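The values are calculated or read from the model by the stated rules, or taken from the named source; none is laboratory data. These numbers were taken from a predicted model, which means no experiment stands behind them. All Cβ positions, glycine included, derive from the backbone under ideal geometry; neighbour counts span all protein chains shown. To get the accessible areas, we keep the full protein, side chains included, count just its heavy atoms, and leave off ligands, DNA and RNA. Shrake-Rupley method; radii C 1.70, N 1.55, O 1.52, S 1.80 Å.
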Amino acid sequence: MENKQQSNDEMKENKAVKKKVNWSGSLVVASLTGAFGSSFLYGYNLSVVNAPAVYIKKFYNETWERRYGFSVDEGTLTLLWSITVSIFAIGGLVGAIIVTPIVKFFGRKCTLLLNNVFAVAAALLMSLSLLAGSFEMLILGRIIMGVDAGISLSALPMYLSEISPKEIRGSLGQVTAIFICIGVFTGQVLGLPEIFGQESRWPYLFGAIIVPSLIQVVILPFLPESPRYLLLEKHNTSKAEKAFQTFLGKDDVSHEIEEVLAESRVQRNTKLVSILQLLRTRGARWQVITVVVTMGCYQLCGLNAIWYYTNNIFSEAGINRETIPYVTLSTGAVETVAAVFSGLVIERLGRRPLLIGGFGLMVVFFAVLTVSLTLQDTVHWLPYLSIFCILAIIASFCIGPGGIPFVLTGEFFQQSQRPAAFMIAGTVNWLSNFAVGLLFPFIQGGLQTYCFLVFAAICFAGATYLFFVLPETKNKTFNEISQAFAKRNKVSLEMQEMNHYPEERKSSAEQESNFTSSVDNGKTKKGIV
C-alpha cells in the first residue's frame, strides 16, 4: 500500500512538473529561427530543382552548343542533370563529416550562424549561373548547398535537444521535420509558372535561399548558446545558468543544472568521443545500431524518390502535364500538416507508436500503389487511387519517420558522445540519400510498377526492428534512456560509471564544486546536494 501511495504521489508530482513547463519566448524564437535558416533550406533544395528542370536542361544544352558548336547528346544531358540532382547529397556527406570539430570548437549556435556562409555562397553561384553562362556554377552551388545542409541537419537537432526541457524535447525536436516540409512546400509554390517557374525567372528560385540565411544571421546572435554545451564542454557555469534562465523563462534553474551534472557524474568525462571510440563503447552499441537503422530507413524508405521524381510519377499515373505542378503542391501541403500533427501529439503518444506506425502504414500504401499503377490502364479511376496512395505515403512518413530519427539521435547519447553520433547518423543519412537519387531511375526502369515493393520491404524491416529494439524515450532523461538500453548492451549503468574514463573522474566533481561556489556567492538561491 505504501509503495502504491508513493507511486501515486510521484505521478502527481510528475504531472505538476509538466504543467509548469512553458514554451518561453526565447525557446520558441531559437527553434523557429534555427530551423528557418537550416532545415527549411534542406527541404527547399530537395524540391526546388523539380519545377525548372526543363529550363535548366535547355540552359545546359545551349551552353554546351555555344562552347563546342554542337548540341549535347541525350545521354550526356541526362548525366549532367543526374549529377546536378544527386551531388547535393555528396555535399551533405561532406558537411556531416566536418560537423563534429566545428560544433566542438564554435558551439552549436555559432555553427548554425557560420554555416550561412555556405548558403549565401551557394545562392550566389546558382542564381548567377545563367547570367554567367556557366552550368558548372550551378553544379558547384548545389554541392556547397549540400555542405550547408549536412552541417545544419546535425547542428540544429543537437542545439534543439540541448536547449529544451525533457517534457517538450520531442515536440521541439519535430521543428526540424516541420521546417523541412515547409521548405519542400515553399520550393513547390515558388516553382509555379505564375511565380518563378519560367525560363527567364528560374535563377530567382536559387537566389531566394539568401533570405532565410539573412534572417537567421540577424536574430540568432541575440539568443544564448546551448547551456549543456556551456556547462559540460566549456565549464562556464555562470553562462550556462543564464542560458537556462533565458530558455526556461525562470530564475531558479538549479534543478536543471543538477540534472546535467548528474549526467556528467555518470559519464565521468566531458572530452569528446571519436567515432571509433563510440563504436567501441559497449554501453552505446545498440543505440548506434538503432540510429543507423532509423537513419537508413529514413532515406531508403522511398520518400526522396517521390520528392525527386514527383512529376514523372504523376505523369505515369495519368495526370495531365499542365496540371502536375498544381497537383504536386498537394504533396507539400500534406507533409506539412502531417509534420505539425506529429509535433503536437509526440509528447502524448510517444516516439515508438509514431515511428513504427508510420513505417507500417507506408508498407500498406506502397503495396496498394503498386497494384494501382500496375492495373491503371484497365480501370479508369485507378490513377486517382495512385495519387491518394502517394499522399498517404507522404503523410505516414511525416507523422513519424520524417522527424523522429533526428530526435532519437539527440536523446540516445551523452554529451561527449553526441557529436560523433550525429556524424554517424549524418553519414548514413547522406549516403542513403545519394543512393536513392542515383539508383531509383534504374530501379524504376528495371522493375517498372513493382519498384515501390523494394521500399515497402525496407519499411517493413525497419518497423520490425524498431518494434523489438526501440524503447520509449518520452519524458526520460539521458541517463534513464541509457538505462533502458543497458540490459540489451549487457552492461549496467553502474558499470559504465565505474569503468568509463577513470582517469577523468575529477571533471564532474570540479564542475559541481564550481556551481556550489556560485550558489554560495548568491547567484542562485537553491543549491545542489
Rounded to the nearest 20 debye, what is the charge dipole size of region 23-223 about its Cα centre when +1 sits on each Lys and Arg Cβ and -1 on each Asp and Glu Cβ? 460 debye
Simple spin-label estimate for His235 and Glu259 in nanometres, 7 Å along Cα-Cβ: 2.5 nm
Quick one: what are the phi-derived ³J(HN,Hα) couplings along region 153-163, Karplus 6.51/-1.76/1.60 with θ = phi - 60°, whole Hz, x for glycine and proline? 6, 9, 5, 5, x, 4, 5, 5, 5, 8, 9
How long is the gain from Glu136 to Thr464 if the chain were fully straight, where each residue apart is worth 0.36 nm and the alpha carbon distance is subtracted? 113.7 nm
Placing unit charges on C-beta atoms (Lys and Arg positive, Asp and Glu negative, everything else neutral), compute the dipole magnitude of region 276-501 about its Cα centre in debye, rounded to 20. 740 debye
For region 23-223: Kirkwood Rh in Å [reciprocal of mean 1/r, alpha carbons]: 17.4 Å
Run the simple label-point estimate for Ser82 and Ser24 please: 7 Å along Cα→C-beta, distance reported in nm. 5.2 nm
Calculate, in nm to one decimal, what Ala367 and Leu439 gain on full extension: separation in residues at 0.36 nm each, minus their alpha carbon distance. 23.9 nm
Using θ = phi - 60° and the Karplus relation 6.51 cos²θ - 1.76 cosθ + 1.60, list the HN-Hα couplings for region 340-355 in order, rounded to whole Hz, with x at every Gly or Pro. 5, 4, 4, x, 7, 9, 5, 7, 8, 8, x, 6, 4, x, 5, 6
Ranking by accessible area, most exposed first, for Asp73, Asp148, Asp377 with a 1.4 Å probe: Asp377, Asp73, Asp148
Most positive-pole-ward Cα, Gln444, Ala395, Gln277, against dipole of region 276-501 from beta carbon charges: Gln277
Output the peptides 203-214, 152-163 sorted from most to least packed, where packing is the average of other Cβ atoms within 10 Å over each peptide's residues. 152-163, 203-214
Dipole of region 276-501, positive end: most advanced residue of Ile404, Phe468, Met362 [Cβ charges, Cα centre]: Phe468
HN-Hα couplings for region 171-182 via Karplus (6.51, -1.76, 1.60; θ = phi - 60°), in whole Hz with x for Gly/Pro, come out as 4, 5, x, 6, 4, 4, 5, 4, 6, 4, 5, 5
Pick out, from Val117, Ser161, Val218, the residue whose Cα sits farthest towards the positive end of the charge dipole of region 23-223, with +1 on the Cβ of Lys and Arg and -1 on the Cβ of Asp and Glu. Ser161
Just to verify a number: FRET efficiency for Gln277 and His380, C-beta to C-beta distance, R0 = 41 Å, to 0.05? 0.10
Only Lys, Arg (+1) and Asp, Glu (-1) charged, at Cβ; region 70-179 dipole about Cα centre in debye: 560 debye
With a 1.4 angstrom probe the carbon and sulfur portion of accessible area for region 276-501, in percent, totals 69 percent
Mind computing the radius of gyration and Dmax over the alpha-carbon atoms of region 276-501? Å is fine for both. 19.5, 68
In region 23-223, carbon and sulfur make up what percent of the accessible area (probe 1.4 Å)? 73 percent
Using the per-residue mean of other Cβ atoms lying within 10 Å as a proxy for protection, in what order, highest first, do the peptides 61-71, 75-85 fall? 75-85, 61-71
Reported to the nearest 10 Å², Thr100 has, with a 1.4 Å probe, an accessible area equal to 20 Å²
Averaged per residue, what accessible area in Å² does region 23-223 show with a 1.4 Å probe, protein chains only? 34 Å²
In region 330-411, which chymotrypsin sites (Phe, Trp or Tyr not before Pro) fall in coil by DSSP and have 13 or fewer other Cβ atoms within 10 Å? Trp381
Per residue value of the accessible surface for region 377-497 (all protein chains in place, 1.4 Å probe), Å²: 38 Å²
